[in-house]
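Some notes on the structure that comes next.
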Amino acid sequence: MLEGQWLGEDKGTNPGSLWVDLEDKAEAQSIEVVAQPLDTTHGMILLHEQARRAFPDSTPAQRAFITIRLLNEKTMQVDWKSDIATEGSAQLKKASVGQTSRISGHPQITSWKDFKEEVLQSEYQNRLFRGQSKPWPLQTSFHRSHRSDLSRYIFNDTHELFRRLSAELGPVRIDRNNPSENESFIALAQHHGFPTPTIDWSKSPFVATYFALQDSLKGQNKSPTSIRVFCLDYHALPQEIRSAKSFTRTGPHLTGINALPIANRRLLPQQGILTSTNLRDIEGFVICLENRDQKPCLTAFDIHLPDPPAVMRELRMMGVTAAALFPGLDGICEDMRSELFLEPR
């Protein structure tokens, strides 16, 4: 497998990447490369001897001959042959994420009442929800930053962040060489505003609704508004898409992280689950999977709320409050602000 990046990205420090600049669309570039076996589940480069032991019925290629041609600004043609007489071709489309989501809202469910009735059905009990004040596309904070080198981020940036946070963690110790504890560290960074290649979800549609409403009501906006709640049927995704054990050197993936709540008091009250990904265009990828497998995975509900404070009062009666979701001083103050200054008197 060849790991690489394409035009429009910053040239990073990952020695496993191949960089090819194509200035003339009519000109093809031919390259000979060393073919390196890659375990895309664990993100590990294998020696050829390891690959032969792991896959005794297969013969790994030693070298590959690749021809690359830029067809237009958004499409690249790639043809390859190996030294073991295998060959193939592909057209690679450049990922493009717009200002609004490509997922259409559910046409029949647009009211708060209908949304509650829909998500309380049993088929939604194992799904993930994400609330947004606007129908922005699904994208991680890392990918929104246009910082392209995920390897540099994981191996350099997060190490420096961990060094700086260590004094604030007190007696808590996080072993980043332990995969589950490293996931907890990434979740902690995400919940405290540091960009990560993960997306926050909740097992609760009502927690997701609270987060969607929160921004709108911070400005004491009591006027009618609309919010969006995404619903992901995570287990409908193909197994190979949700089984990556590494952030880097994997195939395209959207992998659930049920992180341990180490130094993170918010994770359990929010019923939080994260999905890690190396995809800049998550929606485009999921749409391709849905079309291929004829199995819906991602739904959006655009909910019109004539009286947002009334919905917030109802969420309060359900126990979904800032004090519950954000244990500590910030949550208590936000809860009191909502109760005293948004409620009608």
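The values are calculated or read from the model by the stated rules, or taken from the named source; none is laboratory data. Bear in mind the structure is a predicted one, so any value in this text is a computation, not a measurement. Here Cβ is always computed from backbone atoms with ideal geometry, including for glycine, and neighbour counts include all displayed protein chains. Heavy atoms of the whole protein, side chains included, go into the accessibility calculation; ligands, DNA and RNA do not. Shrake-Rupley method; radii C 1.70, N 1.55, O 1.52, S 1.80 Å.
Is there a residue in the stretch 228-239 that is within 30 Å of THR321 (Cβ to Cβ), open to solvent by 60 Å² or more (accessible area, probe 1.4 Å) and in a loop (DSSP other than H, G, I, E, B)?
no
Of the residues LEU298, LEU315, LEU305, which single one is in contact with an Asp or Glu (Cβ under 9 Å, 6 or more places away or on another chain) and in contact (Cβ under 8 Å) with a residue 60 or more places away in the chain?
Going through LEU298, LEU315, LEU305 in turn, the sole match is LEU298.
Is it the case that some residue within the stretch 68-88 is out of contact with any strand residue (DSSP E or B) (no Cβ under 6 Å at 6 or more places or on another chain), crowded, with 17+ Cβ neighbours inside 10 Å and in a loop (DSSP other than H, G, I, E, B)?
Looking for residues that are out of contact with any strand residue (DSSP E or B) (no Cβ under 6 Å at 6 or more places or on another chain), crowded, with 17+ Cβ neighbours inside 10 Å and in a loop (DSSP other than H, G, I, E, B), one finds none in the stretch 68-88, hence no.
State which residue pairs qualify: first residue touching a residue at least 12 places away in the same chain (Cβ under 8 Å) and inside the stretch 156-168, second residue in a helix (DSSP H, G or I) and of a type in the set (A, V, I, L, M) in any location, beta carbons under 7 Å apart, and separation of 6 or more residues or different chains.
LEU161/ALA189
Given (1) among the hydrophobic types (A, V, I, L, M, F, W, C); (2) assigned to a helix (DSSP H, G or I); (3) touching a Phe, Trp or Tyr at 6+ places or on another chain (Cβ under 7 Å), where does TRP201 come up short, assuming only one miss?
Result: TRP201 passes all but (2).
Look at the stretch 180-208 and say how many of its residues are open to solvent by less than 20 Å² (accessible area, probe 1.4 Å) and either within 15 Å of GLY272 (Cβ to Cβ) or of a type in the set (Lys, Arg) (or both).
Selection size over the stretch 180-208: 15.
Would you say PHE142 is assigned to a helix (DSSP H, G or I), touching a residue at least 40 places away in the same chain (Cβ under 8 Å) and open to solvent by less than 70 Å² (accessible area, probe 1.4 Å)?
Here the answer is yes, as PHE142 does meet what is asked.
If you check SER166, SER180, SER216, SER151, which single one turns out to be within 17 Å of the chain's Cα centre (by Cα), at pLDDT below 95 and either acidic (Asp, Glu) or in a helix (DSSP H, G or I) (or both)?
Exactly one of SER166, SER180, SER216, SER151 is within 17 Å of the chain's Cα centre (by Cα), at pLDDT below 95 and either acidic (Asp, Glu) or in a helix (DSSP H, G or I) (or both), namely SER151.
Just wondering, is there one or more residues in the stretch 112-128 that are open to solvent by 50 Å² or more (accessible area, probe 1.4 Å) and touching a Pro at 6+ places or on another chain (Cβ under 7 Å)?
Scanning the stretch 112-128 turns up no residue that is open to solvent by 50 Å² or more (accessible area, probe 1.4 Å) and touching a Pro at 6+ places or on another chain (Cβ under 7 Å).
In the stretch 95-111, how many are touching a strand residue (DSSP E or B) at 6+ places or on another chain (Cβ under 8 Å) and surrounded by fewer than 16 Cβ atoms within 10 Å (Cβ to Cβ)?
Counting residues in the stretch 95-111 that are touching a strand residue (DSSP E or B) at 6+ places or on another chain (Cβ under 8 Å) and surrounded by fewer than 16 Cβ atoms within 10 Å (Cβ to Cβ) gives 3.
This table checks each residue for (1) of a type in the set (Asp, Glu); (2) over 18 Å from the mean Cα position of the chain (by Cα).
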{"residue": "MET44", "(1), (2)": "no, yes"}
{"residue": "ALA64", "(1), (2)": "no, yes"}
{"residue": "GLU73", "(1), (2)": "yes, yes"}
{"residue": "ILE84", "(1), (2)": "no, yes"}
{"residue": "GLU87", "(1), (2)": "yes, yes"}
{"residue": "GLN91", "(1), (2)": "no, yes"}
{"residue": "SER96", "(1), (2)": "no, no"}
{"residue": "LYS113", "(1), (2)": "no, yes"}
{"residue": "ARG147", "(1), (2)": "no, no"}
